[in-house]
Each structure stands twice: as structure tokens, then as C-alpha cells.
1. So, in segment 164-206, exactly how many residues are farther than 17 Å from Ile228 by Cα and assigned to a loop (DSSP other than H, G, I, E, B)?
2. Just to be sure I understand, how many residues within segment 78-109 are surrounded by fewer than 21 Cβ atoms within 10 Å (Cβ to Cβ), aliphatic (A, V, I, L, M) and in a helix (DSSP H, G or I)?
3. In segment 212-224, how many residues are farther than 25 Å from Pro90 by Cβ and either in contact (Cβ under 8 Å) with a residue 12 or more places away in the chain or not acidic (Asp, Glu) (or both)?
4. Here's a check for you: in segment 225-235, which residue that is surrounded by fewer than 19 Cβ atoms within 10 Å (Cβ to Cβ) and in contact (Cβ under 8 Å) with a residue 24 or more places away in the chain is farthest from Phe193 (Cα to Cα)?
5. Scan segment 99-122 residue by residue and report those that are among the hydrophobic types (A, V, I, L, M, F, W, C) and either modelled with pLDDT of 95 or more or under 17 Å from Arg248 (Cβ atoms) (or both).
6. So Ala116 fits all but one of (1) in contact with a strand residue (DSSP E or B) (Cβ under 9 Å, 6 or more places away or on another chain); (2) of a type outside the set (Val, Ile, Thr); (3) surrounded by fewer than 18 Cβ atoms within 10 Å (Cβ to Cβ); (4) outside the structural domain of Ser36 (by TED's automatic domain parsing); what number is the exception?
7. Regarding Val128, is this residue free of Cβ contacts under 8 Å to residues at least 60 places away in the same chain and either in a strand (DSSP E or B) or under 11 Å from the mean Cα position of the chain (by Cα) (or both)?
Amino acid sequence: MLLAIDVGNTNITVGLFNGKVIENSFRMTTAISRTSDEYGMMFGDWLSIKGFDISDVSACIISSVVPKVMHSLTSGIIKYLLVAPIIVAPGIKTGINVTIPNPKALGADRLVDAVAAYELYGGPVIVVDFGTATTYDLVLENGSFNSGVTSPGIRLSASALWTGTAKLPEIEIVKPDTILARDTITSMQAGIFYGYIGQTEYIIKKMKEESGLEAAKVVATGGLGKLIYENTEIIDVYNPNLTLEGLRLIYEKQ
């Protein structure tokens with residue numbers, strides 16, 4: 001089985017593949033400092049709880065945008081799972097031609113998402129990942145990574161609202177019953193929720209307009225992406241496992 005791991009700024013997402021099928025997945029926080037032993041035991045405990053054995057893992061692939069966790073993470077996998085992880089890095093085979101001026105500057109998570117969206121849904125495709133930052137990436141019909149947009153993520157935007165003000169409280173990010181809010185909490189929820197939908201729709205429409213690819217499919221993933229997807233018609237597909245699927249596809253290309 002293949003262990004696929006995506007290290008993001010907020011969460012580490014882990015998936016276990018049996019062929020092309022995700023048998024199970026889980027998340028852990030990224031911000032906590034962990035030793036290699038802690039990582040190794042966490043993976044071993046998770047496998048055991050879900051009815052698997054360490055020996056069931058025959059391969060591992062990792063994408064990461066947080067370099068400081070990589071030494072402990074990879075060491076833990078090697079020591080406890082007895083496999084040497086493949087790391088998504090410049091030079092790895094992906095099937096995607098990155099045509100931006102500095103390809104090495106492209107985050108591994110964006111590359112992995114682009115691979116998954118293109119392989120699973122075809123091109124041209126706009127890939128939207130609602131993570132710590134929200135990214136909008138355009139992959140052309142020939143598989144070229146053409147361009148991308150980066151904006152603050154939903155939680156990051158919301159956090160700025162209550163940490164940057166003296167009296168506004170921390171709130172749950174949900175869709176309010178109406179945009180015509182009559183109290184502080186629902187007014188904040190309305191601003192965050194509808195403001196983010198407005199941003200999402202405008203950026204995607206502008207990307208389609210300037211590229212001339214009005215028929216490009218829009219595929220979303222990540223965090224609160226489902227909340228946005230369910231409340232706009234501009235996103236065609238929401239796939240919560242898009243990044244893990246991309247890791248599987250990249251592994252198969254090696």
C-alpha cells in the first residue's frame with residue numbers, strides 16, 4: 001500500500017492507498033513540533049486502529065510546504081515504517097509542464113493539485129485549493145501550468161478580522177441565514193462568507209476572461225472549500241482528496 005502525505009501550513013493530511021482506492025485518511029496539526037519517534041508512533045497507531053499493519057505500507061510519497069518538519073517526518077517514516085519516502089521536488093516526473101518564469105518557486109502542493117485536476121478532469125482546468133492560503137491555478141489543455149493567483153485563506157482572513165480589532169469576537173465560519181445581519185456575530189459571518197464567495201467568483205471569472213478559456217472546468221479542494229462550492233455555481237467539482245490523489249498519480253509516474 002502507498003502512504004501519501006501532504007504537509008500544509010495548518011494540517012498534515014495522510015492517506016493510505018490500496019491501488020487507486022483510498023482505504024483511509026486522517027489529519028494532524030502541522031504547527032506542533034514533533035520528534036521522529038512521535039511521527040513514527042502516530043502512523044503506527046493509526047494503522048493499527050484502522051486494522052492495518054506497518055508491513056502493509058510498501059511505499060510513501062510526501063509533498064510539503066513546511067521544510068522545518070521534514071527531517072523528523074521522513075526519519076520517523078524510515079525508522080518505523082521501513083520505507084524511504086519519495087519527496088515531491090523540482091525534477092520529479094509529474095506530467096505537468098510548468099511554464100512560469102521560475103518553476104522552482106511553485107509550491108509542491110500546487111503542483112500536486114494541478115497533476116490531479118488535469119489527470120482526473122482534463123484541461124483546461126482551474127484548480128482552487130482553499131487552504132491556509134487560497135490558490136487559483138490554470139492548467140492548459142496540453143498540461144502546461146500557465147499561471148496562478150494567491151489570496152489569504154478564509155480562516156486567515158477571518159482571523160485578521162478579530163485579532164486586528166479590539167472588540168470583535170472570534171466566530172465560527174458558517175453561512176448566516178441572511179446577509180441582512182442585525183448583530184455583530186452574524187454581520188461578521190455575512191462579511192466573511194459572502195465576501196469570500198464574491199472573491200472566488202470574481203477571480204475565476206477574470207482568469208477565464210483574460211485567458212480566453214471560458215469553458216475551463218473549475219475543480220476545488222481543501223478546508224472550507226465545500227462550504228463555498230455548495231453556495232456558488234462557478235465551481236464544477238469539489239474533491240476533498242484531490243491532493244492525495246495527485247500524490248498517488250505522481251508516485252505512479254516514477
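1. Selection size over segment 164-206: 12.
2. Within segment 78-109, residues that are surrounded by fewer than 21 Cβ atoms within 10 Å (Cβ to Cβ), aliphatic (A, V, I, L, M) and in a helix (DSSP H, G or I) number 2.
3. Adding up the residues that qualify gives 9.
4. Among those that are surrounded by fewer than 19 Cβ atoms within 10 Å (Cβ to Cβ) and in contact (Cβ under 8 Å) with a residue 24 or more places away in the chain, it is Ile234.
5. Result: Ala108, Leu111, Val112, Ala114, Val115, Ala116, Ala117, Leu120.
6. Result: Ala116 fails condition (3) only.
7. So Val128 does not fit the description; no.
Every residue, every condition in (1) assigned by TED's automatic domain parsing to the domain that holds Asp6; (2) part of a helix (DSSP H, G or I), yes or no:
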{"position": "Glu38", "(1), (2)": "yes, yes"}
{"position": "Met41", "(1), (2)": "yes, yes"}
{"position": "Ser48", "(1), (2)": "yes, yes"}
{"position": "Phe52", "(1), (2)": "yes, no"}
{"position": "Met70", "(1), (2)": "yes, yes"}
{"position": "Gly76", "(1), (2)": "yes, yes"}
{"position": "Leu111", "(1), (2)": "no, yes"}
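The values are calculated or read from the model by the stated rules, or taken from the named source; none is laboratory data. Please read all numbers here as calculations on a predicted model, not as lab measurements. Positions of Cβ are generated from backbone atoms using ideal geometry, with glycine treated the same way; all protein chains shown enter the neighbour counts.
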